[in-house]
Amino acid sequence: MLRLYTLKRTEEIVAAMDPLIVRVCGEYGVPAACMRAVLFREIREIDLMDAAADTAVRLGLFGRTDSSTGYAQIFSRTAIRALRFAEERGIETAESLGFSSLPSTDAAEDVRRMWLRLNRDRTFNLRMGTLNLLAAADEAAGKTDFSQMTAEDLKRAFSRYNSSSCAVSSYGEEVYGLYLRYGGEPLP
């Protein structure tokens, strides 16, 4: 499939976002190298099918109500689950992110509202991607303190970011390599 961004352009986007990445990751206690790595991997893989899926959701075509969107390539329902996790843990609140109440994955209007924000607001998209990584780390490694993680824990967290499995996948291995490339500390 035809990718929308070259490797050079992907690197430029991640570099341009770095001040925002550092700020958001700092707020949530996630090493910035983690989100640099996730974003590089996700942006690099965005292709014409992703653009078509976004168009289908935006226009309500073919019954599509959700797709992975934005630079963090996050689904609306995934973002809602990540926000619910963050609120349960006292990390973030729906209200502080501009929602009048905690969104539900069962409410079509909540899914739509979340998707539109993810699609249109790069800062929000990064924020929700970071919260999703925290939720993935908790689910896959049983912890959200990245300073306590092993390389295996982080690979499982990266793998879970991209799938429903907590097992280390090729995605998790690849993103861990990118984490190291982006200045992440080698883990035991």
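The values are calculated or read from the model by the stated rules, or taken from the named source; none is laboratory data. Every value quoted in this text rests on a predicted model; they were computed, and no experiment measured them. With ideal geometry, Cβ positions are generated from the backbone for all residues, glycine too; neighbour counts draw on all protein chains shown. Surface areas here come from the heavy atoms of the whole protein model, side chains and all, with no ligands, DNA or RNA. Shrake-Rupley method; radii C 1.70, N 1.55, O 1.52, S 1.80 Å.
Restricting to the stretch 156-188, give me the number of residues that are closer than 17 Å to Ile21 by Cα and small (Gly, Ala, Ser).
Of the residues in the stretch 156-188, 2 are closer than 17 Å to Ile21 by Cα and small (Gly, Ala, Ser).
Within the stretch 97-105, does at least one residue satisfy the condition of being among the hydroxyl-bearing types (Ser, Thr, Tyr) and in contact (Cβ under 8 Å) with a residue 24 or more places away in the chain?
Yes; the residues of the stretch 97-105 include at least one that is among the hydroxyl-bearing types (Ser, Thr, Tyr) and in contact (Cβ under 8 Å) with a residue 24 or more places away in the chain.
May I ask you to list pairs of residues, at least six apart or on different chains, whose Cβ atoms are under 9 Å apart, with the first in the stretch 49-73 being free of Cβ contacts under 8 Å to residues at least 12 places away in the same chain and farther than 16 Å from Phe124 by Cβ and the second being open to solvent by 50 Å² or more (accessible area, probe 1.4 Å) and hydrophobic (A, V, I, L, M, F, W, C)?
Final answer for the pair search is Thr55/Leu61; Ala56/Phe62.
Being of a type in the set (Ser, Thr, Tyr) and assigned to a loop (DSSP other than H, G, I, E, B): is that true of Ser96 here?
Here the answer is no, as Ser96 does not meet what is asked.
What's the number of the condition Ile13 fails, among (1) assigned to a helix (DSSP H, G or I); (2) within 26 Å of Val111 (Cα to Cα)?
All conditions are met except number (2).
Can you tell me which residues in the stretch 155-188 are in contact with a Pro (Cβ under 9 Å, 6 or more places away or on another chain) and more than 19 Å from Leu126 (Cβ to Cβ)?
Within the stretch 155-188, Leu180, Glu185 meet the criteria.
Considering only residues that are surrounded by 13 or more Cβ atoms within 10 Å (Cβ to Cβ) and among the β-branched types (Val, Ile, Thr), look in the stretch 137-188 and name the one that is farthest from the chain's Cα centre (by Cα).
Val168
Filter the stretch 31-90 down to residues that are part of a helix (DSSP H, G or I) and of a type in the set (S, T, N, Q) and give me whichever is surrounded by the most Cβ atoms within 10 Å (Cβ to Cβ).
Ser76
Can you report the number of residues in the stretch 99-111 which are open to solvent by 40 Å² or more (accessible area, probe 1.4 Å) and part of a helix (DSSP H, G or I)?
Residues that pass the stated criteria total 2.
Residues Asp47, Asp54: which one is under 20 Å from Glu11 (Cα atoms) and touching a strand residue (DSSP E or B) at 6+ places or on another chain (Cβ under 6 Å)?
It is Asp47.
Just one of (1) loosely packed, with under 14 Cβ neighbours inside 10 Å; (2) in contact with a Pro (Cβ under 6 Å, 6 or more places away or on another chain) trips up Met114, so point out which.
(1)
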